Amino acid sequence: MSLTYRSLNELLADAEPTGEQTVPDRLFGCWRRNWIRFGDDGAKDSSVQVRWLQTASGMGDLRIDPQQTQAESDSSCGITIVDQEAEPHMTAGWLDGPTGFAQQAVSNFPEKGWLVWDTPSVMRELAPSGAYVEEWERLPDSVGPVAHFIAPDAPTTTNLYVAGQQVFLAVRSPIAGGLHQFSCATHAVATDTLTVELSSSPTAVGKPLKLNNTAWQLISYRHL
């Protein structure tokens, strides 16, 4: 079945703030990476399409690199932990947590990142080692309800992350070493569907977000 924006709102209609919060409110939303620069004098690279949807703790990170196969993708889901007291900038680290998984078992950049805000909707993530700098921009339509659901009856671990009109679906492969499914979708007003804009499965792009179950358990909820 396809998940509509209306049915998603019905799931959240009576929701109260719940669940652990491990990031500041200003990190809530769906962030698009505008560019990455490696080293102090490297060129800015915007060839890789990246979306990071952040809820109160759970997050999904989808990366589509034209130079990589699906099996080589760095996409993942898990939890973000921010230390707001760190110096000289707050730091962000990422863990699998109870429902997280990643296409790559080992991260290319395992160090925690510094987060620096240029505006409320534009931030930079910097590697303390100087290895990279990334610029992130929050999508305007990702302001609103921020939620993380899991599907307890699904055959494999399934996470649904919501930020405003942006949705991120992460489905674990039933096969060890297989391809996990990561998709970002947004509200198509004309049809009230959630249409896939970016996915680890290229054939899903442009189509309604497909779900194989209807039972969802709310893990966290906030409103930005």
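No lab work stands behind these numbers, since they all come straight from the coordinates. All values reported here derive from a predicted model rather than from experimental measurement. Glycine also receives a Cβ, built like all others from the backbone with ideal geometry; neighbour counts cover every protein chain displayed.
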- prompt: Got at least one residue in region 7-16 being in contact (Cβ under 8 Å) with a residue 40 or more places away in the chain and more than 28 Å from A188 (Cβ to Cβ)?
  reply: yes
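So, in region 104-125, of the ones that are among the small types (G, A, S) and more than 20 Å from K44 (Cα to Cα), which residue ends up surrounded by the fewest Cβ atoms within 10 Å (Cβ to Cβ)?
First, pick out the residues of region 104-125 that are among the small types (G, A, S): 105, 107, 113, 121.
Subsequent filtering for residues that are more than 20 Å from K44 (Cα to Cα) retains 105, 107.
On the way: A105: 7, S107: 11.
Taking the candidates together, the pick is A105.
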- prompt: Consider F149 against the criteria (1) among the aromatic types (F, W, Y); (2) farther than 21 Å from A170 by Cα; (3) touching a Leu at 6+ places or on another chain (Cβ under 7 Å): it satisfies all of them except one. Which criterion is unmet?
  reply: (2)
query: For the subset of region 141-181 comprising residues that are free of Cβ contacts under 8 Å to residues at least 60 places away in the same chain and out of contact with any strand residue (DSSP E or B) (no Cβ under 8 Å at 6 or more places or on another chain), which member is nearest to P202 (Cα to Cα)?
result: G178
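Looking only at region 126-135, filter to residues that are in a loop (DSSP other than H, G, I, E, B) and touching a residue at least 60 places away in the same chain (Cβ under 8 Å); which one of those is surrounded by the most Cβ atoms within 10 Å (Cβ to Cβ)? Walk me through it before giving the result.
Taking region 126-135 and keeping what is in a loop (DSSP other than H, G, I, E, B), we get 127-131.
So of that shortlist, the ones also touching a residue at least 60 places away in the same chain (Cβ under 8 Å) come out as 130-131.
Working: G130: 10, A131: 14.
Filtering region 126-135 for residues that are in a loop (DSSP other than H, G, I, E, B) and touching a residue at least 60 places away in the same chain (Cβ under 8 Å), the one surrounded by the most Cβ atoms within 10 Å (Cβ to Cβ) comes out as A131.
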query: Given the conditions (1) touching a residue at least 60 places away in the same chain (Cβ under 8 Å); (2) β-branched (V, I, T); (3) within 22 Å of F149 (Cβ to Cβ), which single one is not true for T80?
result: (1)
